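Visitor: Before we start, here is the structure in question, set down as C-alpha cells.
Here, each number is a calculation from the coordinates, and none is a lab measurement. Predicted, not measured: the structure shown is a model, and the values here were computed from it. Every residue, glycine as well, gets a Cβ built from its backbone with ideal geometry; the counts of neighbours run over all protein chains shown.
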Amino acid sequence: MLGRGFTWLDTGTFSSLLEAGQFVETIENRQGVKIACLEDISYNKGWITKEQVYKMAQMYKNSYGKYLLELI
C-alpha cells in the first residue's frame, strides 16, 4: 500500500511515459522541490553534511546545482 503523498506512475507506453514526465515537472514546479533528489534525501536524513552538499552543488553549473545550494 502506498500512503498519502505517493503516486504510482505507469510508464509502459510512450504516452504514459510522457504523462509521467509532465506530472513530475508539474509537482516540482508547483512545490519547489525535486522528486527523488538523492542529495536532498541524504542531507535531510543526516547521511551527508552541508559541506558535502556544497561540493556536489559546485559540480553542476545549472539549475540543479542552484537547487542544491538552496537546500543548505
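Visitor: Counting only helical runs of four or more DSSP H residues, what would the 222 nm mean residue ellipticity of the chain come to if each run contributes -39,500 (n - 2.57) and the total is spread over all its residues?
Guide: Value at 222 nm, helices only: -18500 deg cm²/dmol.
Visitor: Among Gly46, Gly12, Gly32, whose mean-square fluctuation peaks in a Gaussian network model of the chain (Cα, cutoff 10 Å)?
Guide: Largest GNM mean-square fluctuation: Gly12.
Visitor: For all pairs of alpha-carbon atoms in segment 1-57, what percent lies in each bin of width 10 Å, listed from the first bin to the last filled one?
Guide: With 10 Å bins starting at 0, P(r) equals 19, 37, 31, 12, 0.
Visitor: Give me the distance in nm between label points sitting 7 Å out from Cα along the Cα-to-Cβ direction at Ala20 and Phe6, one decimal.
Guide: The modelled label-to-label distance comes out at 1.6 nm.
Visitor: Just to be sure I follow the definition: excluding the sites themselves, where is the longest run in the chain that has none of the trypsin sites (Lys or Arg not before Pro) in a DSSP loop with at most 11 other Cβ atoms within 10 Å?
Guide: By the stated rule (loop sites, at most 11 other Cβ atoms within 10 Å), 5-44.
Visitor: Multiplying the sequence separation of Ile27 and Leu69 by 0.36 nm and subtracting their Cα-Cα distance, what value in nm do you get?
Guide: Using 0.36 nm per residue and subtracting the Cα-Cα distance, I get 13.1 nm.
Visitor: Further, regarding this structure: Roughly speaking, what is the stretch gain from Tyr60 to Ile48, that is 0.36 nm per residue apart minus the C-alpha to C-alpha distance, in nm to one decimal?
Guide: My answer for the length gained is 2.6 nm.
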